[in-house]
Amino acid sequence: MELKLKVYIVDDQGRKFMGIGVLWLLEHIRSFGSLRKAAEAMGISYTKAHGMLNALEEGLGKQVVLRRRGGDSREGTMLTPLGLSLVARYANFHKKLKDDAEQSFQQFLSGLKEETNEQE
């Protein structure tokens, strides 16, 4: 058995705006300096990636990426200081949640195993 978790943050209306997929998108943007290249690396459409960013920024009420004009100049996209901080903070938050959940799951399994052994 293994534990699978899906963690995301929602706004006041229950709309998802932050989760592991958004974290990966931000990390790719930081690496590639391009939303289009980040989307390609993740195997998602540019439109989907753009929508994820819009939902994130609407949910936070703050800008997390600087979108610069593409075209011939290819200036690309970069994370704002908030975006950089969000990547670090959410990655740490997500890891802690997974670690804590795994520890609790192992305790659950241990108790379950003891209980099933007692019933044999």
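Data overview
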| quantity | calculated |
| --- | --- |
| Answer label, with P(r) over Cα pairs in 5 Å bins from 0, in percent calculated from the coordinates and candidates (i) 2, 11, 21, 22, 20, 13, 8, 3, 1, 0; (ii) 2, 10, 17, 18, 15, 10, 8, 6, 5, 4, 3, 1, 1, 0, 0; (iii) 2, 13, 23, 27, 21, 9, 3, 1, 0 | (ii) |
| Calculated FRET value between residue 32 and residue 82, using beta carbons and R₀ = 22 Å, to 0.05 | 0.70 |
| Cβ-derived FRET efficiency at R0 22 Å, residue 105 paired with residue 48, nearest 0.05 | 0.10 |
| Set 4/113; 6/48; 4/62; 16/95 screened for pairs whose C-alpha atoms are more than 26 Å apart | 4/62 |
| 14 Å beta-carbon shell around residue 25, net charge (K/R +1, D/E -1) | +3 |
| Helix-only [θ]222 nm of the chain, DSSP H runs n ≥ 4, -39500 (n - 2.57) each, per residue, nearest 500 | -21000 deg cm²/dmol |
| For peptides 35-43, 58-66, sequence by mean Cβ density within 10 Å, most packed first | 35-43, 58-66 |
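FYI, it's all coordinate maths here, none of it is from the lab. Bear in mind that the values here come from a model prediction, so they are computed numbers and not experimental data. When we count neighbours, we look across all protein chains shown, and the Cβ atoms used for this are built from the backbone with ideal geometry, even at glycine.
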